[in-house]
C-alpha cells in the first residue's frame, strides 16, 4: 500500500447525463488493471459497467449511487468516486464533492457545456474543488472540442487551457498531441493499451505551435517564472511548466483540458497522467472541522497520522452483508479494533471490518491513513456523521442539504409489504438526507419527501426490487409555505386561574414579515426571527426565551394550509406576569395564543416553490417549449441558440411541473430533456391560493 | 421615489424629445459607435425605462453568456434605483424581470432570418407580448441591405420598436465626427433613427448625437451624454 500522501489522489468524475462518465470510469479501472475486461454501460454481454452496481442503474443506463473505488496509476493511489449525473440526485454529487480533493469534469464534444454541467460546476465552486476537464466522445459526428473549450471559458468562466489537441476528429480520431511535451500520442492495441509516441505530424505542426503559445500565455498569468521565460522567448523546461500548471489548477485559476474518446479507448492514459500531475494531494487542501467544546470554532485538520483521528462518513450503502459506511479519514490513522466516537449520536463504537471498495468487490484491510477513502461494516450511523477519537469532540462542517420540495403518500398493499417498506424507508432516509419520510398524524399515511418526481420514483422502484415492498402511490403534493405580508400588533393574555395551580401570562408586541433583502451570510433569507424589546421587567428574564419557544411552536403549522410559516419576525415589547401563576409553560402558551390571534390580521399569503427549469432541445421544438412554459404559469428567462440546439431557462412553479417530462417527450419526439432545481419560494397568485385554502378547509371538515 | 416619478425625471425623456417623442412602434433605431464606448449600458438603460413603464422587452444578444446580460440589467437597475432611492425596489425589479426575455445566439454567423423566426416563435407561441426588441451588438455592418430591410418589415408587422447597437468588425472603417462608421452608409435608408456615440475628451463624456430622424438627415445634439462612471444616459 502506498503510504506517502503526495502519492494519493481523491478524485470525482462528474458530468452531464450521457456524456459517458461511467464508460470513462470503466476505462480508468481497466488501465489501472483493476478489472480484466471492459463492459459497456448498455453492453450486449449483459454484465454492465462495473461501477453501476445497482440493478436498477443497469436497467436505466444511469448511475444513481456513487460507488467509491481505489486504483493505482504509476505508483499513485487514486480513489475514484463515480457520481450520478441527474439533477434530482445532486445531494449525492454534493456529498461526493465534499470528500474530493479534485475532480474530472466530463463534457461531451458534441453537446458541450450543458445545463447539468453548469449545475455541477456551481457545486464544485461551492466546495472549491480543483478540476481538470475531459472532452469525451471526440469520435462522434459533429465533435468540436475547440467549441467546448470556448464554452468552458464563456459559460463557466473557467480559465480553460488545452493540454492537447486532437489528431483527426470524428471517425478519424487517431490520438492526441501533448502540448506540454510537444509529442504526438497514438493509442494502439485491442483496447488502446499500447501508447506509440512520435513526432507531431507535419500537418498539425502549426496548429500545435499556436495552441502551445496560447497555453504558455494562460499559464504566464498565474506563474511569474513561466512569464519571465516566455517573455524572453526562452524554452520553458517541462518540469517548470508542469509545476506552474499544477499551482494554477490547485488555486482554481486554471482548468487543464484533456480530450479523447473513452468508448474508443483514446486519450485516457494522458488524462490519468494529468490527474496525478495537476490535481492536489490530500495535504494540499485545507480541511476544517468545528470544535463542539469550543463554541463550534473552526479548527484546521492536519493530514498527520500521529494526531487524533477525525473521520467523515459521507455515504451509506445497504450491502448484502449489512450496512456499508463509506468514510474519509481527514486526520490520524484508523486501525481495525480502534474505538471511535460519533459526535452526532454521542455513541462510541469499535471498528470491526475495514475494507477498500472496488465497485461491487471488496478487499479487507487492517488500517487506513489520512486522506484515504475506505468503508466500515455494520456501523450504526447516518450519512454526514463525524467519527473522532474519543478525546476530541469535532464535527465536520455540516453539508449543504437542499430542502425537499415534493411529497407523496404511499400505502403498502399488505402486511408483508408494510414491514419491508418500513425497513426500506429507514435505510433510504439514512443514505440520502434529501429523502425524508414521516407518518402524517392526521391521515395516518406514510409520506415520503424528495427533490423531484424522478427522485421519488427511483426510491419506489428500489423498494419494490430490493425490499419486495409493493406500495400504492398517492398524488404528489407540493410543499407550500405560509407567510405574512404586513405588520400586525398583538396583546394577548393567557389565563387559567380556576382550581389547581393557575397559569398567567400576558404578551404584547407585533409580528412583521422579514424583508427579502434581509439575508444571512449564505444569502438565504431568514425563516424566523425573535426580538425581545422588553424593558423594565414587564416579563421576567427567565420567561423571555419561553415566548421564543412558543412562537417557534406556532409557526410549525400555519392555519391556511397546515404548512410551516416562514419569513416572520416576532417582536415582544410588553407583557405582564403573576408572581405565583406565571411559568415557562404559561408564557409559551401565551405566545402560541398571541400568534394564532394575530396571524390572520397580518394579511397572510401562500408561498409556492418556484423551480429553475432548463430545457435542452433541437431548435425546431422551441415554439412548443415556449408554449408549454407559458401554459404552466412559467416565466421565460432566456433562450440560447447554437447550431440547431437551443437551451431555454425558465422559472416555473413546481405545482405545474407534474408530468412535465411526459409532456416534453411527446412534444419533441423524445429529443428534448430538462433539469430542474429549487430556486426560491414565491407568493402564489390569489386564485391559486384561494383554491388551495378551500381544498384544505374541505379536507379538514370531512374528517 | 415612486416609479412614475423615475420615469418622468429620466434623462431618456430628454433624448426622446429630440426625436419627437420617441422612436415609436414599427420603427428601427440604431446606436452606432466604436467598440467599448458603452452602447450595451445605453441599450439596457433604454430597456429598463420601457420595463418600468410595464412594457415587454426582448433583449437579443450574441455573446454566449446570458448571465452577463442579466447582470447588466441588475447593475443598471441598481444604479437607477439607488440614485433615485426608489420605493420597493426589490418588488419593482421582480415585476420587471417578468416582462423581459433574453434571447441569445452563440453562433457567429446566425442569419437574420433565423433570429426573426425565433423572435416570432417567442411572441406567437410563447405568448410574449413584446413591445420592444433590442439587438445588442449585432454585426449589422456585415449584414446586407436586404437584412436590414427584413428587420424593418418585422418591426412593422409585429408592431414593435427595435433598437440595435452596432459596432464595426472590420478594421479599415472610418468614423465621422459623430461616431458613425462609414460601413453603415448602405443601410441608412432602412433605419428610422440613427444616433452616434462619441467619446469627447474635453469633458470625458460620451456625446450622443442624432444624425438621422425619419427623413431628416441633419445632426441634432440630444442634450444627453453617457456618464463615464455608470455608463448610463445622463443630462
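Just a few scattered comments:
- Condition broken by residue A:607, with the remaining ones in (1) closer than 20 Å to residue A:655 by Cα; (2) within 12 Å of chain B (Cβ to nearest Cβ) satisfied: (2)
- Of the candidates B:41, B:32, the single residue that is within 20 Å of residue B:222 (Cα to Cα), touching a strand residue (DSSP E or B) at 6+ places or on another chain (Cβ under 6 Å) and crowded, with 19+ Cβ neighbours inside 10 Å is B:32.
- When we screen B:95, B:121 for residues that are at pLDDT below 85, within 12 Å of chain A (Cβ to nearest Cβ) and assigned to a helix (DSSP H, G or I), the only hit is B:95.
- Residue check for residue B:101: assigned to a strand (DSSP E or B), touching a strand residue (DSSP E or B) at 6+ places or on another chain (Cβ under 9 Å), within 9 Å of chain A (Cβ to nearest Cβ) and at negative phi: yes
- Scanning segment B:50-89 for residues that are within 23 Å of residue B:11 (Cβ to Cβ), within 10 Å of another protein chain (Cβ to nearest Cβ) and outside any helix (DSSP H, G or I) yields one hit, B:59.
- Here B:162, B:151 are screened, and the one residue that is part of a helix (DSSP H, G or I), in contact (Cβ under 8 Å) with a residue 60 or more places away in the chain, touching a helix residue (DSSP H, G or I) at 6+ places or on another chain (Cβ under 9 Å) and farther than 21 Å from residue A:627 by Cα is B:151.
- Sole exception among (1) under 16 Å from the mean Cα position of the chain (by Cα); (2) over 17 Å from residue B:163 (Cα atoms) for residue B:31, by number: (2)
- Considering segment B:187-213, and only residues there that are touching a residue at least 60 places away in the same chain (Cβ under 8 Å) and assigned to a loop (DSSP other than H, G, I, E, B), the residue that is surrounded by the fewest Cβ atoms within 10 Å (Cβ to Cβ) turns out to be B:192.
- Matching option when the condition is crowded, with 17+ Cβ neighbours inside 10 Å, free of Cβ contacts under 8 Å to residues at least 12 places away in the same chain and touching a strand residue (DSSP E or B) at 6+ places or on another chain (Cβ under 9 Å), among A:417, A:429, A:383: A:429
- Only one of the numbered conditions (1) within 18 Å of residue A:407 (Cα to Cα); (2) at pLDDT 80 or above is violated by residue A:676, and that is (2).
- Test result for residue A:349, in contact with a strand residue (DSSP E or B) (Cβ under 7 Å, 6 or more places away or on another chain) and either in contact (Cβ under 8 Å) with a residue 40 or more places away in the chain or buried (at least 21 other Cβ atoms within 10 Å of the Cβ) (or both): no
- Selection within segment A:128-139 - assigned to a loop (DSSP other than H, G, I, E, B) and crowded, with 20+ Cβ neighbours inside 10 Å: A:129, A:130, A:137, A:138, A:139
Every residue, every condition in (1) within 11 Å of chain B (Cβ to nearest Cβ); (2) surrounded by 18 or more Cβ atoms within 10 Å (Cβ to Cβ), yes or no:
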{"site": "A:598", "(1), (2)": "no, yes"}
{"site": "A:620", "(1), (2)": "yes, no"}
{"site": "A:637", "(1), (2)": "yes, yes"}
{"site": "A:640", "(1), (2)": "yes, yes"}
{"site": "A:652", "(1), (2)": "no, yes"}
{"site": "A:674", "(1), (2)": "no, yes"}
{"site": "A:679", "(1), (2)": "no, no"}
{"site": "A:688", "(1), (2)": "no, no"}
{"site": "A:700", "(1), (2)": "no, no"}
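- Taking segment A:181-198 as the range and being in contact with a helix residue (DSSP H, G or I) (Cβ under 9 Å, 6 or more places away or on another chain) and free of Cβ contacts under 8 Å to residues at least 24 places away in the same chain as the test, only A:184 passes.
- Filtering segment A:254-271 to residues that are assigned to a loop (DSSP other than H, G, I, E, B) and within 19 Å of residue A:131 (Cα to Cα) leaves A:254, A:260, A:262, A:267.
- Residue in segment A:89-102 that is modelled with pLDDT of 85 or more and either more than 14 Å from every other protein chain (Cβ to nearest Cβ) or closer than 30 Å to residue A:5 by Cα (or both) present: yes
- Matching residues, segment B:104-118, being part of a helix (DSSP H, G or I) and more than 10 Å from chain A (Cβ to nearest Cβ): B:112, B:113, B:116
- Of all the listed residues (A:558, A:562, A:567), the sole one being closer than 30 Å to residue A:456 by Cβ and within 14 Å of another protein chain (Cβ to nearest Cβ) is A:567.
- Lone unmet requirement of (1) outside any strand (DSSP E or B); (2) at pLDDT 85 or above; (3) under 25 Å from the mean Cα position of the chain (by Cα) for residue A:420: (3)
- In this structure, residue A:205 does not satisfy being touching a strand residue (DSSP E or B) at 6+ places or on another chain (Cβ under 6 Å), in a helix (DSSP H, G or I) and surrounded by fewer than 20 Cβ atoms within 10 Å (Cβ to Cβ).
- With respect to the conditions (1) under 30 Å from residue A:123 (Cβ atoms); (2) touching a helix residue (DSSP H, G or I) at 6+ places or on another chain (Cβ under 8 Å); (3) at pLDDT 85 or above, residue A:214 falls short on a single one, namely (2).
- Where residue B:229 falls short, out of the listed (1) assigned to a loop (DSSP other than H, G, I, E, B); (2) touching a strand residue (DSSP E or B) at 6+ places or on another chain (Cβ under 8 Å): (2)
The values are calculated or read from the model by the stated rules, or taken from the named source; none is laboratory data. Remember, predicted model here, so these are calculated numbers, not experimental data. Heads up, the Cβs are rebuilt from the backbone with ideal geometry, glycines too, and the neighbour counts pull from every protein chain shown.
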